[in-house]
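Q: One structure, pasted below without further comment.
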Amino acid sequence: MTSNNSSTKTARKQGTFLMHSLRSYWWIAVICSVVYGFAGPVFTMLKLDSVTSVSNVSTFTTEELLLETQMNQMVRWFRAEGFIPLYFSAIVLAAVIGCVMFFYLQQKKQVNFYHSQPITRTRLFMNQYIVGLLLNVVPLLVMMAVSFLLVAAYRMGAIIDIGVILQHTGYILLLILASYSIAVFSGQLAGTMMTQMAVNTVLHFGVPVAAWVVNMLCNLFFATYNGQPSLIEASLKFSPVCAAFQYIDSISHATGLPVMTAEPMEGGMLAVLLGMTIGLSALAWVLYQKRPSEATGKALVYPVSEPILKAYLMFVVAITAGLIFVAVGNKIFFYFAVVSFAILTHMTCEVIIQHDFKAMAKRMPQCAVILVLILVIVSVFRFDLLGYESYLPEPEKMQRVSLTVSGAEDISFYGNEGNYSADAAVKQGVYDLLYPIVTGQQYRTSDFDGNHSPYDTGYEETTSITVRYQMNSGKTVNRIYRAVPASAIEEAYQNLYNRQAYREAVYADVLTAAPETIYNMTVDDTMIYNQDQDAERRVVETVAVAYEGEIAVTTVPMAETIKVEKESSYATMAAILEAYKLDVKDRRFDSLKKARQYGVHIQLKRQGLSNSYYYFDMPVYEDDKRTMAILSQLDIEENDRNYSDALIFRCDPSSEAELRKMLDVAYLNLEAQSQKEIDNLTIERCVEMLSNQAELTGQITGVDNVNQFIQQTELMNDGGIFVEYDNSHFVLLRYNHTGSNDWNNQLLYKGTLPEQYQ
Amino acid sequence: MTEKTGITVTGLSKQFDKIQALHQVSTTIQKGSIFGLIGSNGAGKSTFLRLLAGIYRPDEGQILIDGQPVYENEVLKQRIFYISDDQFYFPNSNMEELAAYFAVIYQKFSYEKFYELTELFRLDSKRKLNTFSKGMQKQAHIILALSCRPDYLFCDETFDGLDPVMRQAVKRLLAGAVVEQQMTPIIASHNLRELEDICDHIGLLHQGGVIFERELDHLQSNIHKVQCAFAAPKSREAFTGLDIVTCEQRGSLSVLVVRGSAEETEARVKAMEPLYCELLPLTLEEIFITEMEVLGYDIQQLIY
C-alpha cells in the first residue's frame, strides 16, 4: 500500500516536473513551429500556388484534366522534394535541441542548482530527454497536418495517402531520434559549450568525413573493400544528415507514378539509425549517472575520450591538408602538410583542453605516437604494403566473375553491375584484360596522385573498370580501377565482349525482363539519361503507358509527340524489348564503336511487389537491326537545339587528345579576354581565332539546314570510349540563347562528314 | 533501536584532479544546532557543503544524514536545501516562477510561508530576478529556501552582500526555524561576527581537514586573552603550567592567549604576582586568527 502510494506520488511528481519543464522551454516550441511552419505549410502553399497558377491553365483544355495534372504534379512533389525541408529542418533542430536541453551541464551554477534538488539524475535525464523530443516532434506533427489540410483545401485531398505520410513521419522521427541521441551523448562527454558543439559536430559527421578522407587517400581500397555498398556509402548511414540525403536521393529517383509513394528506407540504414538511437541514448544515460558534477568547465569530462577525439581530428586534418598541398605542389608537400598539420591540430586541441595557450606544447609524446600511426596508415595504403591493389586471382580460383568497363557499354544502363559469368573463357578473358593494368599500375591509385597521374591527363580517353570475383572459397572480392587508358584494354575487351557468355552475363537483366511487366517505355533519339530534360531542347518523345497490362495511351503535351496507335502501344513496347534481347545476344564489339541511334528507357514492374518498379536504359546501335527496324517505323523526329550556324573546320592534329586540347586552349584564350567576348563571338571572330590551327571548309546557316547536317553526321550522339573519330575535322555549332551566343564544339566520327566539307 | 539523527561525516575525501580539496574529514553535526563552518580560503568549505547537499559524490568516506547516505537520495533531499554562494535562477524569471518550480520539486513547499516572507522582506515577487541587486537576490533565495521548509539548510556565504538590517532579519528567521521546525542550518562564512551571533556550534576547516568542531560557548570559555604586567619582563617559558597558544611581549606587558578555564588561568597568572592582570574573552574572529596562526596561517607572515 505504502509502495503504491509512493510510486503514484513519484509518477505525479514526474508528470508535474515534466509539464513545468515543457512550460519553461516554451521558446523552443515556438522556434520549431516557425521553422516547421516554413518547411511545411508555407513551402507547400508556395508549391500549390505555383501548380495552380494561371500559366498552367492555358495548356489544358478541360478542368478535370487540369486538376488531374495539378494533382500529378503535387504527387511528384511529395515524392521527395516536398519532404526535403521537413527532413532536414527536423534533423538540424534535433541536433540543436539535444545540445540545448543539456547545456546546463556546462554551467557550474546550473549543475550545482539541479543536482542539489531532490530529483535523481535518472529522472532529470529522462525529463530533459523527453521534453526536448516533445518540443521538436509536436510542432512537426502539427505543421505536417497543416500542410496536408492545405492540400485538401486546394481540392487535392485525393492525393493524400495516410500510409505514405505515416511512413515519412516514421522516418523523420527516426532521424530526429538519431540526431538527438548524438547531441545528448555529446553533452555528456563535453564539459563546456564549445566542446559540446564540437563533439556534436564530430559525432554527426565524423564517420562519413573519415571515410571520405581515407577514400581520397586510397580510393581503390575503400571504394571496393566492402563491395556494395562501398565503405563511403555505408559510412553515410552513421550520420543522420547524410542518411537523409541518401534516402531522399534514392526516393527522388523513383519513377513517375500517379499515386503518392514512399520508397522504403534501406534495411541497413534503418538498423544503423535505430541502433545509434538506442545505443547512444543508453550510453548517454549511463554517462550521466557517472558524470561528476565538478567536471563542468573541463573541455572533456572523461579523459579517455581526449586521445580518441584528438587522434581522429589529427588524422582527418592532416590527410586533408596533405591532399590539398599535393594538389598544388609535389609529393614532398604531402608529407610536409601531414606532419605539420597533425602537430598543429594537436596543439590546438591542447589549447582547447587546457584552456591555456601556453599548453600548446604539452603532451608531445602523445602527439608523436598519433603522428607515427597516421604515417603508418598512409604508408600502408600508399605503398600497398598489404598487397591489396596488386591482388589478381588466377582464373581457376574464381567461381564466377563480373566485369564492367564504364563508357564501353555501361552496364549501369541495364540496371545491375553484378551479373556474373562462370564461363571459363570469360574468366580467362577478364584475367588477361586486367593483368597488364594491375601489374603495370595503369590506373589512378589515389587522389594523392591528383593531377600528377600519367593516365589522368584529361585529354586521353580513360575509363573505370569494376570487377567482382566470387572465389571458390565463397568469398567475394571487389576492385575498381579508375582512370585506366582506354587504349590499354581495347583489344582485350574486344575479345571478351565478342564471347556470347560474357554478353549474356552483361545483359542478364534485359534478357530476363518479361514483356508483361513493362510499365512504360520512352524512346528518344539521343540516349539522354537525365530525367530532368530541358524543355528548350525540344526532346521528342513517344510515351506509351501501360497500367499493369491494360492498354492506355496518354499523349504528353509536346508539339512533336509521336502518336502511337492505342491498340498497338503495348504490343510495340513488348516487341521493342524482345527485338532488343535478340540484338544484344548477337551484338559484336564493333557495334559499340558506332554512334548510338536511339535511347530506350524502359520501366518495369517488379514481380510480386505492389507499387515497386525498376528501370533501365537500352542504347540502340546501328547494328541492332531488329530494334532499329521497329523504332524507325515510329517516325521519331530529330532532337536538337535550334542551332543557327555550323562551322566545319579541318586541321592536322596528331591525335584526338591534341585536337581536344587545341579547342580547349582556344576557348581558354577567349575566356581570358572577357566573358563579353564569348557572348558576342561572331563567326568572323571564330574563324580568325582558329586561323593558325584550322581551316574553315564549310559553313551551314539556318536551323533546318544545320539540323539536317547534324542528322547526317550524327554529331550529337556520344558513342562511348571506343568510338573512332576523324581526327582531322571538328564542327562549331552556334546556338542563340536569350540574346547571347552559345558555341559548342563537336568532333566528327570517321566517315560521316559529307565529301563537300572535307 | 534509536533513530540516528543529525549529520555524521566519516573519513570524507574529495580530490579535483591533483588538488586534494578534502582529506579524511570526520565530524558530526547535531540535529537542531546551528553550525558555523569557518576556514581559510580554499579550505574546502564549499566542497564540504556540496558534498553534504549530494552535488558531489565522495571519493572516499561517507556522509549520513539522519542515518541515510545523501548522494542520489531523492527522499532525503526533500529535506535538504542548498543555497550556493552563486545561486542560479532561470533566465528572466521572477520569484513567483522560481516558487512554482520549487513547489513542484519540494513536497513541503509552502506558498503561505513564501508570501509571508516576501512581504516581510518587502520584495516584489513579480519583478525579474536579474533586476534585483545582489543582496536582494540573496534575500530571494533565502525566502525560497525557507519556503521549502527543509530540515537541513546549507548556506554558502549567505550573509555576504546583505545589509546589517537584513542580516539581522535572516539570523532571526533562521533561529525561528530552528525553534519551530528543528531545522539544522549549516552556514559557511568568513563573516565570523555574524556566525558568532547565530551559531551554537563551530567547525574549523583548514587545508581540507577539520581542525576542530565544538560548541561555541565551550570554545569561547576555554580560551582567553591575558594581559599582565610584571616588574621585570617575563619570557614565555616563565609562564609554567599554562597552555599558551600565543605569547607577545610589549616591554613589561605580556599578552598571552591561553587555553583553559578562566578561573584556573587567572589563578596561575596571579600566583606569579603581576603588577597588573586582566582576563579578556576572545571573539570568534580572534579565536580563528589565533588558531590559524598556530597552523602557520599567520597574517604577519603573509604581510611581512
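The values are calculated or read from the model by the stated rules, or taken from the named source; none is laboratory data. Remember, it's a predicted structure, so these values are computed and weren't measured experimentally. Methodologically, a virtual Cβ is constructed for each residue, glycine included, from the backbone with ideal geometry; neighbour enumeration extends over all protein chains shown. Accessible surface areas use protein heavy atoms only, side chains included; no ligands, DNA or RNA. Shrake-Rupley method; radii C 1.70, N 1.55, O 1.52, S 1.80 Å.
Q: Tell me, which residue of region A:450-494 that is modelled with pLDDT under 85, assigned to a loop (DSSP other than H, G, I, E, B) and not acidic (Asp, Glu) is least open to solvent (accessible area, probe 1.4 Å)?
A: Among residues in region A:450-494 that are modelled with pLDDT under 85, assigned to a loop (DSSP other than H, G, I, E, B) and not acidic (Asp, Glu), the one least open to solvent (accessible area, probe 1.4 Å) is A:SER453.
Q: I've got another one for you. Does any residue of region A:688-709 turn out to be in a strand (DSSP E or B), among the aliphatic types (A, V, I, L, M), at pLDDT 75 or above and open to solvent by 30 Å² or more (accessible area, probe 1.4 Å)?
A: Kept after step one, since they are in a strand (DSSP E or B), are these residues of region A:688-709: A:694-701.
From what's left, among the aliphatic types (A, V, I, L, M): A:694, A:696, A:700.
Next cut, at pLDDT 75 or above only: A:694, A:696, A:700.
When the remaining residues are screened for being open to solvent by 30 Å² or more (accessible area, probe 1.4 Å), the result is A:696.
Yes, because at least one residue in region A:688-709 is in a strand (DSSP E or B), among the aliphatic types (A, V, I, L, M), at pLDDT 75 or above and open to solvent by 30 Å² or more (accessible area, probe 1.4 Å).
Q: Just checking, which of A:LEU386, A:LEU344, A:LEU403 is open to solvent by 60 Å² or more (accessible area, probe 1.4 Å), outside any helix (DSSP H, G or I) and of a type in the set (A, V, I, L, M)?
A: A:LEU386
Q: Examine region B:126-134 for a residue that is of a type in the set (Lys, Arg) and either within 12 Å of chain A (Cβ to nearest Cβ) or farther than 28 Å from A:LEU18 by Cα (or both), and state whether such a residue exists.
A: Checking region B:126-134: at least one residue is of a type in the set (Lys, Arg) and either within 12 Å of chain A (Cβ to nearest Cβ) or farther than 28 Å from A:LEU18 by Cα (or both).
Q: Would you pick out the residues in region B:215-248 that are open to solvent by 70 Å² or more (accessible area, probe 1.4 Å) and within 19 Å of B:LYS270 (Cβ to Cβ)?
A: Across region B:215-248, the qualifying residues are B:ALA231, B:PRO233, B:ARG236, B:GLU237, B:THR240, B:ASP243.
Q: Yes or no: B:VAL104 without any contact (Cβ under 8 Å) to a residue 24 or more places away in the chain, touching a Pro at 6+ places or on another chain (Cβ under 8 Å), within 8 Å of chain A (Cβ to nearest Cβ) and not basic (Lys, Arg)?
A: Working: without any contact (Cβ under 8 Å) to a residue 24 or more places away in the chain: yes; touching a Pro at 6+ places or on another chain (Cβ under 8 Å): no; within 8 Å of chain A (Cβ to nearest Cβ): yes; not basic (Lys, Arg): yes.
No: the conditions fail for B:VAL104.
Q: So the check is Cβ under 9 Å with 6+ separation or different chains; which pairs have a first residue in region A:339-366 that's among the polar types (S, T, N, Q) and a second one that's open to solvent by 80 Å² or more (accessible area, probe 1.4 Å)?
A: A:GLN354/A:LYS362
Q: Okay, moving on. Name the single residue, out of those in region B:71-98 being of a type in the set (A, V, I, L, M) and surrounded by 21 or more Cβ atoms within 10 Å (Cβ to Cβ), that is nearest to the other protein chains (Cβ to nearest Cβ).
A: Here is the first cut: in region B:71-98, the ones of a type in the set (A, V, I, L, M) are B:75-76, B:80, B:83, B:95, B:98.
In the following step, the residues that additionally are surrounded by 21 or more Cβ atoms within 10 Å (Cβ to Cβ) were identified as B:80, B:83, B:95, B:98.
Numbers: B:ILE80: 7, B:ILE83: 9, B:MET95: 15, B:LEU98: 10 Å.
Here the answer is B:ILE80.
Q: Assess whether A:VAL304 counts as being among the β-branched types (Val, Ile, Thr), under 26 Å from A:ASN200 (Cβ atoms) and either crowded, with 18+ Cβ neighbours inside 10 Å or touching a helix residue (DSSP H, G or I) at 6+ places or on another chain (Cβ under 6 Å) (or both).
A: No.
Q: Related question: I'd like to know if region A:158-165 contains one or more residues that are within 14 Å of another protein chain (Cβ to nearest Cβ) and either more than 28 Å from B:TYR89 (Cα to Cα) or open to solvent by 30 Å² or more (accessible area, probe 1.4 Å) (or both). If you could, list the steps in order and put the result at the bottom.
A: The initial filter retains those residues of region A:158-165 that are within 14 Å of another protein chain (Cβ to nearest Cβ), namely none.
There is no residue in region A:158-165 that is within 14 Å of another protein chain (Cβ to nearest Cβ) and either more than 28 Å from B:TYR89 (Cα to Cα) or open to solvent by 30 Å² or more (accessible area, probe 1.4 Å) (or both).
Q: Mind checking which residues of region A:642-685 are at pLDDT below 75 and within 24 Å of A:GLN756 (Cα to Cα)?
A: Within region A:642-685, A:ASN642, A:SER654, A:SER655, A:GLU656 qualify.
Q: Right, next: Do any residues in region A:605-629 that are closer than 9 Å to A:ASP583 by Cα and hydroxyl-bearing (Ser, Thr, Tyr) have Cβ atoms under 9 Å from those of residues that are modelled with pLDDT of 85 or more and open to solvent by 80 Å² or more (accessible area, probe 1.4 Å), where the two are at least six apart or on different chains, and which pairs are they?
A: The qualifying pairs are A:THR627/A:LEU582.
The rows are residues; the columns are (1) part of a helix (DSSP H, G or I); (2) among the small types (Gly, Ala, Ser); (3) out of contact with any His (no Cβ under 7 Å at 6 or more places or on another chain).
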site	(1), (2), (3)
B:HIS141	yes, no, yes
B:CYS155	no, no, yes
B:THR158	no, no, yes
B:GLY176	yes, yes, yes
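Q: Also, I was wondering about something else. Does A:ARG76 satisfy the criteria of being in a helix (DSSP H, G or I), open to solvent by 30 Å² or more (accessible area, probe 1.4 Å) and within 14 Å of another protein chain (Cβ to nearest Cβ)? Working first, answer last.
A: Working: in a helix (DSSP H, G or I): yes; open to solvent by 30 Å² or more (accessible area, probe 1.4 Å): yes; within 14 Å of another protein chain (Cβ to nearest Cβ): no.
Criteria not met by A:ARG76.
Q: Here's a follow-up. Does region A:286-314 hold any residues that are of a type in the set (Val, Ile, Thr) and either assigned to a loop (DSSP other than H, G, I, E, B) or within 13 Å of chain B (Cβ to nearest Cβ) (or both), and which are they?
A: To start, the set of residues in region A:286-314 that are of a type in the set (Val, Ile, Thr) comprises A:286, A:296, A:301, A:304, A:308.
Within region A:286-314, A:THR296, A:VAL301, A:VAL304 qualify.
Q: Right, something else. From A:VAL51, A:VAL57, A:VAL42, grab the single residue that is more than 30 Å from B:GLU97 (Cβ to Cβ), assigned by TED's automatic domain parsing to the domain that holds A:MET143, at pLDDT below 90 and open to solvent by 40 Å² or more (accessible area, probe 1.4 Å).
A: Matching residue, one of A:VAL51, A:VAL57, A:VAL42: A:VAL57.
Q: What's the total number of residues in region B:117-139 that are of a type in the set (A, V, I, L, M, F, W, C) and not in a loop (DSSP other than H, G, I, E, B)? Show your work before the answer.
A: Of the residues in region B:117-139, the ones of a type in the set (A, V, I, L, M, F, W, C) are B:117, B:120-121, B:123, B:129, B:132, B:136.
Subsequent filtering for residues that are not in a loop (DSSP other than H, G, I, E, B) retains B:117, B:120, B:129, B:136.
Residues that pass the stated criteria total 4.
Q: What number of residues within region A:95-153 satisfy the criterion of being open to solvent by less than 10 Å² (accessible area, probe 1.4 Å), within 13 Å of another protein chain (Cβ to nearest Cβ) and farther than 18 Å from B:PHE88 by Cβ?
A: 1
Q: Identify, please: which residue in region B:38-50 is of a type in the set (Ser, Thr, Tyr) and at the interface with another protein chain (Cβ under 10 Å from one of its Cβ atoms) and is, among those, nearest to B:ARG193 (Cα to Cα)?
A: Restricting to residues being of a type in the set (Ser, Thr, Tyr) and at the interface with another protein chain (Cβ under 10 Å from one of its Cβ atoms), the top hit is B:SER46.
Q: Oh, and also: If we keep just the residues of region B:1-30 that are within 15 Å of the chain's Cα centre (by Cα) and open to solvent by 10 Å² or more (accessible area, probe 1.4 Å), which is nearest to B:LEU204 (Cα to Cα)?
A: This residue is B:THR27.
Q: Within region B:51-70, identify whether any single residue is touching a residue at least 24 places away in the same chain (Cβ under 8 Å), at the interface with chain A (Cβ under 10 Å from one of its Cβ atoms), small (Gly, Ala, Ser) and over 13 Å from A:GLN117 (Cα atoms), and answer yes or no.
A: Looking for residues that are touching a residue at least 24 places away in the same chain (Cβ under 8 Å), at the interface with chain A (Cβ under 10 Å from one of its Cβ atoms), small (Gly, Ala, Ser) and over 13 Å from A:GLN117 (Cα atoms), one finds none in region B:51-70, hence no.
Q: Consider B:LEU120 against the criteria (1) among the hydrophobic types (A, V, I, L, M, F, W, C); (2) more than 11 Å from chain A (Cβ to nearest Cβ); (3) open to solvent by 20 Å² or more (accessible area, probe 1.4 Å); (4) under 23 Å from A:SER24 (Cβ atoms): it satisfies all of them except one. Which criterion is unmet?
A: Among (1) among the hydrophobic types (A, V, I, L, M, F, W, C); (2) more than 11 Å from chain A (Cβ to nearest Cβ); (3) open to solvent by 20 Å² or more (accessible area, probe 1.4 Å); (4) under 23 Å from A:SER24 (Cβ atoms), B:LEU120 violates only (4).
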